[in-house]
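None of the figures in this text is laboratory data; all of them are computed from the coordinates on show. Computed from a predicted model, the values in this text were never measured in an experiment. Here the Cβ positions follow ideal geometry from the backbone for every residue, glycine too, while neighbour counts run over all protein chains shown.
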Amino acid sequence: MNQCKSILEITHISVKDIRFHTSKNNTGSDARSKDPDYSCIYIQVYTTDPQIIGIGTVFTLGRGNSGVHAIVKEQLRHIRGLSLDYIITNFNALWRNIVNDGQLCWNGPEKGMLHQANAGIINALWDIWAKYENKPVWKLIVDLPPDKLINTLNFDHIEDAITKDEALHILEAVDKKQTDTNIGYPVYLTCGWSGYSNEKLTTILQQSLKQGITGYKMKVGNNIENDCKKAEFIRDIISYDNMLSMDANGVWNKEEAITNMNKLKQYKPYWIEEPTHPDDIISHIDITKSIYPIKVATGEQCSNKVLFKQFIQNKGLSIVQTDIQRLAGINEWFVVMLMCKKYNIPFCLHSGGIGLVNLGVHLCMIDYMCISQSTEGRYAEYIDELTEHYKYPVQLENGKYKPPKSLGFGVELKEESILEYEFPNGKYWITTYGKKVIKDKEWVL
Ligand SMILES: [Mg+2]
């Protein structure tokens, strides 16, 4: 730790409700979410150093912000007034306290809005730590000695899959000198949203191919004949030289998933994502066996490390897709990655939404530098919508993520975007729905 600076303490915290009106143009639409408004709860943790403000984000599809907002405000009691030194020294105990809040645990435990709210708060603490060290989050973690890093992680309820000692051994066995810090991390573009026209899709695909992007994902699950037509349409543009994956967003039952993937396999998908209900481990096991060699990917709605443990141990997936705003921060994400390493399961980042792309680039670098040391068969999700609202948008080069250089997670929204889209009093929402609607709280969204 940088010893030259004075003790850093949390002074106060701001929580904002930010909503973008993406349902207007079908961005984010899929078989389950027809009208998502990409939104986030935006947490700003102020400290005794005015230059260091920890940012945490919690992604929702619009109205979900209301519930998360209320929970975040309740959970802030766990971090108010803490010093960074205390957070670093006691991170595992602090994580456990936040996750197991004595009253709110009934609203979880370790799942749903409560766990999402916890993720936003905990990621804001990592953001403070990295900014204090003048580093991006990925570099902070890469530079941490294994014995210090391991003490931030929590192994409750997963020690039958991986012990703390095994995890430490994995971290100590990594030779970071063998990895290239300038590596580009392969991305895939989620392009075929359910509501997009063929004309719009063609433009997006042609532009992305010119950018050097080699991976693509389309949404399926509305109508299998239409899904086949769309797959053929996309393959005609991207050819079979590029990776195509598919995402059903959990709408099929087991038999539908197997039947439909047998129809779609002619388009050679690399994976099918969330082929059925995200909690249905047994059906995932059956689907994984039945549609081999197509891989089954899941995890964006996997609530916690215990559920991941069961998917991984029972071969209910062949690609892990963690979501850093659903798992409770890096502390929990990291132990899932260590299980992946032990059980030899590749990681393809779930991203998109608000904040997820910016946070996710750090996870790719951490996985590559500290755990897997490989990008083979791995693709990180890339969505280029709404990037204009970030101070530090992610950078692509030749279709690959460049390691971020901004301090912390680099997830800061621009001030003008916050003023425009804060709900319900941002300029956009007042202009769109009028003051009367806002005043009466008859939300149209
Ligand atoms: Mg998905």
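Can you compute the charge dipole magnitude of segment 320-445 about its Cα centre, using +1 on each Lys and Arg Cβ and -1 on each Asp and Glu Cβ, nothing else charged? Give it in debye, rounded to the nearest 20.
Values: 14 positive and 16 negative charges, 37 e Å.
Dipole about the Cα centre, nearest 20: 180 debye.
Under a plain spin-label model, where a point goes 7 Å from the Cα along Cα-to-Cβ, how far apart in nm are residue 315 and residue 63?
4.3
Explain nothing, just the number: relative contact order of segment 214-343, from Cα pairs under 8 Å at least 6 residues apart, as a whole percent.
Values: 211 pairs, mean separation 24.3, N = 130.
So the answer I get is 19 percent.
Using the Cα atoms as the points, what is the convex hull volume per residue of segment 329-371 in Å³?
On the way: hull volume 2.7 nm³, N = 43.
Residue-normalised Cα hull volume stands at 64 Å³.
So if I take the centroid of the Cα atoms in segment 219-279 and the same for segment 137-198, what is the distance between those two points in Å?
Measuring centre to centre over Cα atoms gives 28 Å.
Given the pairs 16/111; 131/309; 139/210; 309/405; 210/427; 200/414, which are separated by over 25 angstrom at their Cα positions?
131/309; 139/210; 309/405; 210/427; 200/414
For a distance above 28 Å, tell me the whole-number percent of Cα pairs in the chain that qualify.
Numbers: 47876 of 98790 pairs.
The share of Cα pairs beyond 28 Å in the chain comes to 48 percent.
Find which of 58, 231, 140 sits farthest along the positive direction of the dipole of the chain, computed with +1 on the beta-carbon of Lys and Arg, -1 on that of Asp and Glu, about the Cα centre.
It is 231, whose Cα lies furthest towards the positive end.
Quickly work out the residue 292-to-residue 198 label distance, labels modelled 7 Å from Cα along the C-beta direction, and quote it in nm with one decimal.
My value for the distance between the label points is 3.8 nm.
Can you compute the charge dipole magnitude of segment 176-401 about its Cα centre, using +1 on each Lys and Arg Cβ and -1 on each Asp and Glu Cβ, nothing else charged? Give it in debye, rounded to the nearest 20. Mind dumping the intermediate values first?
Details: 24 positive and 25 negative charges, 130 e Å.
Dipole about the Cα centre, nearest 20: 620 debye.
State log₁₀ I(q)/I(0) for segment 176-401 at q = 0.09, 0.11 Å⁻¹ as given by the Debye formula over alpha-carbon point scatterers of equal weight, solvent excluded.
At q = 0.09, 0.11 Å⁻¹ the computed log10 ratios are -0.34, -0.52.
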